[in-house]
Each structure stands twice: as structure tokens, then as C-alpha cells.
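First comes the structure, then the notes that go with it.
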Amino acid sequence: MGHGRVDLVFDALGDPARRALVEAVAERGDATATELAAGLPVTRQAVAKQLATLADAGLLSATRAGRETRYAVTPEPLSDAVGWMVDVGAAWDDRLARLRRSLAKERAVR
Amino acid sequence: MRIEREIVFPATPAEVWEAITEAERLEEWFATEVEFDPQPGGEGVFRWGDGDERRAVVREAEPEERLVLDWDDEGEVVLELEEVDGGTRLHVTETSPDWSAALELHAFAWATVA
């Protein structure tokens, strides 16, 4: 059961869109699917599904607020480890995008 | 705890190796200011615009195949190149410093209880 939970954490964070959602929730303190979808080119339903996956993995806590569910990042120490994964993962996503451009540019010059 | 990324570039392993080992190429994608000596035992200094600085020592350097850096804060980065159809696959693994091993155990205990 415990191992399954840890696998859920790593699976949940394996997806760039879900990592971005964890970051967005962390920045706001807490948020609903509607609030998060407002800034994204995806439907509220798609965001709600991703948030539920993150909550199942224990990365976000879910609190019912009327007809909506508010999500918040779960407390330390898990969030420190998660923070490292989110930050380092995002840094590599950015770097590799720049590396791709750098390689293309070098090709064009030669 | 580790992060892994894999990406295929439409470039030869030689081109990718250049881009990940030459200081002026590293400045195009990795850091703002780079000093780098890409041979075993060689040192790297990486500076960013926000004043951040990280230092690393090259543990392994197999041209066009594999580059391993040890960060001075104990993390590690492994860059592996493989020629594939359509270009070169770059596999990146960054392992976190030791402190996270303890956190990971905490996280595991926490997840088991939760």
C-alpha cells in the first residue's frame, strides 16, 4: 500500500502539465479547478481531473467549498522533496528547449 | 530522488557533444556565464543572471557518449547521448543532494501513514 502511494507520487509528477499545476497551486496558496483553468488553454474538466490525480497521490489536499473543491499543496516535508522535483524538472524543460534552439541555430549557420 | 528527461535532437552526436561541452555553447542554453573544462577532473563554473553560481567537477567524459558532473552541493548530472533515427537522443538524469534522501524517507513514511 505504501509503495503504491509512492509510485502514485512519482507518476503524478512525471507529467509536465501536472507539475505546472502543482506550481500554480503553490503560488496561489490554494485554488479551484475553475480558477486554474482560467489562465490555461484547457477545459475546467481537464484541470479538475489532473487535480484529482495529484490529490490521490497525496501531493495536494482537497477541501470542499460549496460546489467546488479547493486544492492546496500538502505540508512539509513531502513538499520540500516535491519542490525539488518541480524546480529541477522545470529547469531542465527550459534548458532543453533552449538547447534545441541552439542546435538549430548552429545548423543554420553551417 | 532524481529527475529524468529524454529528448531527440535533429543533430549528430558530435553537434550535441559540442553544445553540451563548449563554454560559449553552454552559455546559449545552460547558464549566462560558463567556464568549463570537459575532461575527467575538469572544473565547471556556471553563473546565472540572478547572481546564482554553481560549481561542478567532471567525473566522466566520453566524447559523444556520456558526460557526468558532480555538483559541489553533492547533486549529480548525467548526460547520455545515443545516435538514433533522425538524430541524437539526449538522456538527462539529475540526482538531488543527500539531504533529499532523508526527505524521501520522510515522504515514504508519511505516504505509508496517510
Only one of these conditions is not met by A:Gln50: (1) within 14 Å of chain B (Cβ to nearest Cβ); (2) surrounded by 14 or more Cβ atoms within 10 Å (Cβ to Cβ). Which number is it? (1)
Would you please list the contacts, defined by Cβ atoms under 8 Å and residues six or more apart or on different chains, that run from a residue in the stretch B:67-93 that is at positive phi to a residue that is surrounded by fewer than 17 Cβ atoms within 10 Å (Cβ to Cβ)? B:Glu74/B:Pro97; B:Glu74/B:Asp98; B:Gly86/B:Val8; B:Gly86/B:Pro10; B:Gly87/B:Val8; B:Gly87/B:Pro10; B:Gly87/B:Thr12
Quick one: is B:Glu94 farther than 21 Å from B:Ile3 by Cα, at pLDDT 85 or above and either outside any strand (DSSP E or B) or within 11 Å of chain A (Cβ to nearest Cβ) (or both)? no
Just need a number here: residues in the stretch B:1-16 that are in contact (Cβ under 8 Å) with a residue 60 or more places away in the chain, over 19 Å from B:Glu94 (Cβ atoms) and not β-branched (Val, Ile, Thr). 4
Scanning the stretch B:1-14 residue by residue, those outside any strand (DSSP E or B) and either surrounded by 19 or more Cβ atoms within 10 Å (Cβ to Cβ) or within 14 Å of the chain's Cα centre (by Cα) (or both) turn out to be B:Met1, B:Ala11, B:Pro13
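Taking the stated definitions as given, is B:Asp50 more than 11 Å from every other protein chain (Cβ to nearest Cβ) and surrounded by 14 or more Cβ atoms within 10 Å (Cβ to Cβ)? It would help to see each step written out before you state the result.
Details: more than 11 Å from every other protein chain (Cβ to nearest Cβ): yes; surrounded by 14 or more Cβ atoms within 10 Å (Cβ to Cβ): no.
No.
For a quick check of your reading: which helices (runs of 4 or more DSSP H) sit entirely within the stretch A:20-110 and have at least 3 residues that are among the basic types (Lys, Arg)? Quick ask: steps written out before the conclusion?
Details: elements: A:33-38, A:44-56, A:78-109.
In the stretch A:20-110, A:78-109 are the helices (runs of 4 or more DSSP H) which contain 3 or more residues that are among the basic types (Lys, Arg).
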Output for Cβ contacts, cut-off 7 Å, separation at least six or different chains, first residue touching a residue at least 40 places away in the same chain (Cβ under 8 Å) and within 7 Å of chain B (Cβ to nearest Cβ) in the stretch A:85-109, second outside any helix (DSSP H, G or I) and surrounded by 13 or more Cβ atoms within 10 Å (Cβ to Cβ), reads A:Met85/B:Met1; A:Met85/B:Ile3; A:Gly89/B:Ile3
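The values are calculated or read from the model by the stated rules, or taken from the named source; none is laboratory data. This one's a predicted model, so the numbers in the text were calculated from it and none came from an experiment. Neighbour counts run over all protein chains shown; Cβ positions are idealised from the backbone, glycine included.
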